[in-house]
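Worksheet: the structure to be examined is printed underneath.
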Amino acid sequence: MARFQLEGATVLLTGASRGIGPHIATALARRGARIALVARNAAGLASTEKLVTEAGGQALVLPADITAPADRHALLERAESELGPIDVLVNNAGGDPQRQFHNLTEQEIQGILDLNLTSAVILSRLVLPGMLGRQHGHIVNISSMAGRTGFPYTESYAAAKDGLIGFTRVLRADYRSQGVSGSTLILGPVGEAGVGARTAQEVGLKLPPVGLVSPAKVGAQTVRAITRDKAELAVLPGPGRAMRAIMDRFPGLGPSMNRLARVDRTMITVAEYREREARRVEHLTTG
């Protein structure tokens, strides 16, 4: 496949209101892309729109819940009507309640899977016919090392993010010869703007100054995945590809490293905090 040009391309970016979303949007805008910004948080989307404009790009704000079928169809229709056919889909939306798995309800588990996996799969399916008709398109799925390292209390999230890896591999193999490719970014812990940073601030924890990926690097690697048609990029501090290979070869290594680094203790603190908050909200709701 020829090198993908982002200049003038229409990109649909989910999870655009916070975290790494604004950094991905800014990196794409600097390459001249038109970006449909999707998230539930309208105020956050407005902030990202400003960043895109300042970077020289064009943005369309689309407040929507990507787990809702009606919203998915509506946002795609409006994006293509106002910006043009979708050339690139970046499935970045995601999140995890960081609670102990046995305390989650069936509905909460389904919600995690819908946000992190099902919505990405369905959005990919919705944009695919148009891409195939034009023989031009790229789909990027943002995954995580959470499942590979056995990160504590992320069972549903890990299942979803590893599911994205398998989905993207098969999609890439099936459609690349027809002009539509796919990439996966497998992220390590992200500093400054990632879910870890937000959790630390909320719970009152202090993150270590090393071992974190900068959100700006995630944005740069998203651009690289598209323009150079990379199948998978492990975005980790240090030798990311080697670290991922080691984790795959020795699945017990991750949990051992978590114990040595006292990650288990940190995450039980987070999980206990989340449980207290869940009970507080339930009490307020039920009166």
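To the nearest 0.05, what FRET efficiency results for R276 and A2 with a Förster distance of 45 Å applied to their C-beta separation?
After rounding, the FRET efficiency stands at 0.25.
Quick one: if you stick a label point 7 Å off each Cα along the C-beta vector at I246 and E192, how many nm between them?
2.6
Give me the extension gain from N103 to E77: residue separation times 0.36 nm, minus the current Cα-Cα distance, reported in nm with one decimal.
Numbers: separation 26, 0.36 × 26 = 9.36 nm, distance 3.84 nm.
So the chain would gain 5.5 nm between N103 and E77.
Tell me whether the stretch 1-141 comes out rounded, prolate or oblate; compute the Cα gyration tensor, take square roots of the eigenvalues as a ≥ b ≥ c, and use a/c under 1.5 as the rounded threshold.
On the way: a/c = 1.97, a/b = 1.45, b/c = 1.36.
Verdict is prolate for the stretch 1-141.
What does the charge add up to near A27, with Lys and Arg as +1, Asp and Glu as -1, over the other residues with Cβ less than 10 Å from its Cβ? Show your work: numbers first, answer last.
On the way: positive: R30, R31, K217, R224; negative: none.
Every neighbour counted, the sum reads +4.
For the stretch 228-237, take each phi angle, set θ = phi - 60°, evaluate the Karplus expression 6.51 cos²θ - 1.76 cosθ + 1.60, and give the result in whole Hz per residue in order, putting x for glycine and proline.
9, 6, 7, 5, 9, 10, 8, 9, 9, x
Length gain on complete extension for the stretch E54 to I165, per 0.36 nm per residue less the alpha carbon to alpha carbon distance?
Numbers: separation 111, 0.36 × 111 = 39.96 nm, distance 3.31 nm.
Gain on stretching E54 to I165: 36.7 nm.
Report ³J(HN,Hα) in whole Hz for each residue of the stretch 122-130, in order, from the Karplus equation J = 6.51 cos²θ - 1.76 cosθ + 1.60 where θ = phi - 60°; Gly and Pro get x.
With the stated coefficients, the stretch 122-130 comes to 6, 4, 4, 4, 6, 8, 4, x, x Hz.
Would the stretch 41-86 count as rounded, prolate or oblate if I go by the C-alpha gyration tensor, calling it rounded below 1.5 in a/c and otherwise prolate when a/b exceeds b/c, oblate otherwise?
Working: a/c = 3.60, a/b = 1.41, b/c = 2.55.
Here the stretch 41-86 falls in the oblate category.
Roughly how many whole Å is it from the C-alpha centroid of the stretch 40-55 to that of the stretch 136-164?
If you average the Cα positions of each part, the centres end up 26 Å apart.
Mind grabbing the accessible area of F101 for me, 1.4 Å probe, Å², rounded to tens?
90
Taking amide H atoms as placed 1.01 Å from N in the peptide plane, list the residues 5 or more away in sequence, or in a different chain, whose amide H sits under 5 Å from that of L212.
Result for L212 returns nothing.
Of all the Cα-Cα pairs you can form in the stretch 1-73, what percent are over 14 Å apart?
Values: 1415 of 2628 pairs.
Pairs farther apart than 14 Å: 54 percent.
The values are calculated or read from the model by the stated rules, or taken from the named source; none is laboratory data. For clarity, every value in this text was computed on a predicted model and none was experimentally measured. For neighbour counting, all protein chains shown are included, and Cβ atoms are generated from backbone atoms with ideal geometry for every residue, glycine included. The area values use the complete protein model at the heavy-atom level, side chains included, leaving out ligands, DNA and RNA. Shrake-Rupley method; radii C 1.70, N 1.55, O 1.52, S 1.80 Å.
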